[in-house]
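Visitor: Sharing a structure with you now.
The values are calculated or read from the model by the stated rules, or taken from the named source; none is laboratory data. This structure is a prediction, so every number in the text was calculated from the model and none was measured. Positions of Cβ are generated from backbone atoms using ideal geometry, with glycine treated the same way; all protein chains shown enter the neighbour counts.
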Amino acid sequence: MSKGKKIFLIIFGIVAVLVIGIVGVGAKLYMDLSSSIQKTYESVERDQDNEARETPLDLDKQEPFTVLLLGIDTGDLGRTDQGRSDALMVATVNPSDGQTTIVSIPRDTYVEIVGHGTEDKINHAYAFGGAAMSMDTVQKYLDIPVDHYVAMNMAGIKELVDAVGGVDVNNDLKFSKDDYTFDIGKIHLDGDEALSYTRMRYDDPTGDYGRQGRQRSVVAAVAKKALSLDGVTQYQEVLNAMEGNMKTDMDFSTMQKIALDYRDAFGKIEQVQMQGDGFMQDGISYQRVSDDELNRVQKILKEQLETTN
């Protein structure tokens, strides 16, 4: 299984892994999975919900769809505020050509915040209006339908790492953060260490792009461990980590359908990094994405969605 596939599965909520894997463990655990997923369900009311598609998405026809993946900076160090989307990715899932494409959007990208009447960093949309405003903002910016979302806060990442017994990652930059020192080479991280590891960016010469790379490496490592779970206790710990830390507008039946009927789309994962240029405005740093770069990313996504709109 490729690194990209592992990344998608874990960010998607580990649902495909658990739905398929739990079947062999027992009916009770399957019911526990159903219950846990239902607790993560949260519907959204959107301003642009009906504007991006001529007809509603039909998963029964295995139509390509999109998921907005949000890593939210709440839940750690006692924080309980709405938070901002610390990591933003859009995944297009297309079973007809057996491919999923994941686009990483710089968190400081300067865009119109739909429904708020301002231009600001794209990650502020979640703080202003939750998942609905984030979905509407990304949808208008990329000019594609954003069909669903999955959001997990920082506490969820921490608890998931601990639930799988910690993770190993290859670190290419020595740095210290929150009283932890991370040496170059293969290192083992528990939940607290993983949280600090994925939050550092100011001491990285590549800035937020370096942090995004560390986030992806931890996500991939968690998925690798999750895919090797072999006992009821371990599965239950992962389910417990999901409850209260993950929110999505997909209910259990929708996730089950995607995990089983769209599995061909996970055979090939393409990862795309949207690139921007830094600038300062009123003492605040932003990223500006050029028209050429935006058009490049939009073209990739629209081709995967089989639309030219």
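Visitor: If you scan region 114-125, which residues turn out to be among the aliphatic types (A, V, I, L, M) and either assigned to a helix (DSSP H, G or I) or surrounded by fewer than 21 Cβ atoms within 10 Å (Cβ to Cβ) (or both)?
Guide: Matches in region 114-125: 125 only.
Visitor: Can you tell me which residues in region 126-171 are among the hydrophobic types (A, V, I, L, M, F, W, C), within 22 Å of residue 64 (Cα to Cα) and not in a helix (DSSP H, G or I)?
Guide: Hits for region 126-171 are 144, 146, 150, 151.
Visitor: Let me ask something additional. Since residue 57 meets every condition but one in (1) at pLDDT 90 or above; (2) under 15 Å from residue 131 (Cα atoms); (3) in contact with a Phe, Trp or Tyr (Cβ under 8 Å, 6 or more places away or on another chain), which condition does it not meet?
Guide: (2)
Visitor: Restricting attention to region 290-302, does a residue exist that is in a loop (DSSP other than H, G, I, E, B) and modelled with pLDDT of 85 or more?
Guide: Yes, there is a match, as at least one residue in region 290-302 is in a loop (DSSP other than H, G, I, E, B) and modelled with pLDDT of 85 or more.
Visitor: In region 255-287, what count of residues is obtained for those that are at pLDDT 90 or above and not aliphatic (A, V, I, L, M)?
Guide: 11
Visitor: May I pose another question? I'd like the residue in region 98-129 that is more than 15 Å from the chain's Cα centre (by Cα) and touching a residue at least 60 places away in the same chain (Cβ under 8 Å) and, out of all such residues, is nearest to residue 303 (Cα to Cα).
Guide: 99
Visitor: Same structure again: Just give me the residues in region 238-253 being in contact with a His (Cβ under 9 Å, 6 or more places away or on another chain) and among the hydroxyl-bearing types (Ser, Thr, Tyr), in sequence order.
Guide: 248
Visitor: Only residues that are over 30 Å from residue 299 (Cβ atoms) and either of a type outside the set (A, V, I, L, M) or in contact with a Ser or Thr (Cβ under 7 Å, 6 or more places away or on another chain) (or both): list them for region 130-156, please.
Guide: 153, 154, 156
Visitor: I'm trying to understand the selection: among the residues of region 116-152, which are more than 29 Å from residue 195 (Cα to Cα) and small (Gly, Ala, Ser)?
Guide: 117
Visitor: In addition: Output the residue which, of all residues in region 212-229 that are out of contact with any helix residue (DSSP H, G or I) (no Cβ under 7 Å at 6 or more places or on another chain) and closer than 22 Å to residue 123 by Cβ, is surrounded by the fewest Cβ atoms within 10 Å (Cβ to Cβ).
Guide: Looking at the filtered set, the residue picked out is 213.
Visitor: Being modelled with pLDDT under 90, surrounded by 14 or more Cβ atoms within 10 Å (Cβ to Cβ), over 27 Å from residue 121 (Cβ atoms) and among the polar types (S, T, N, Q) narrows it down to one residue among 99, 38, 48; which is it?
Guide: After applying the criteria, what remains is 99.
Visitor: Any chance region 134-143 includes a residue that's modelled with pLDDT under 90 and touching a strand residue (DSSP E or B) at 6+ places or on another chain (Cβ under 8 Å)?
Guide: Within region 134-143, not a single residue is modelled with pLDDT under 90 and touching a strand residue (DSSP E or B) at 6+ places or on another chain (Cβ under 8 Å).
Visitor: Quick one: which residue in 191, 210 is closer than 14 Å to residue 158 by Cα and either in contact (Cβ under 8 Å) with a residue 12 or more places away in the chain or more than 20 Å from the chain's Cα centre (by Cα) (or both)?
Guide: Step by step, each of 191, 210 is checked, and only 191 is closer than 14 Å to residue 158 by Cα and either in contact (Cβ under 8 Å) with a residue 12 or more places away in the chain or more than 20 Å from the chain's Cα centre (by Cα) (or both).
Visitor: When you scan region 99-113, do you find a residue that is small (Gly, Ala, Ser) and part of a loop (DSSP other than H, G, I, E, B), even just one?
Guide: No - not one qualifying residue is present in region 99-113.
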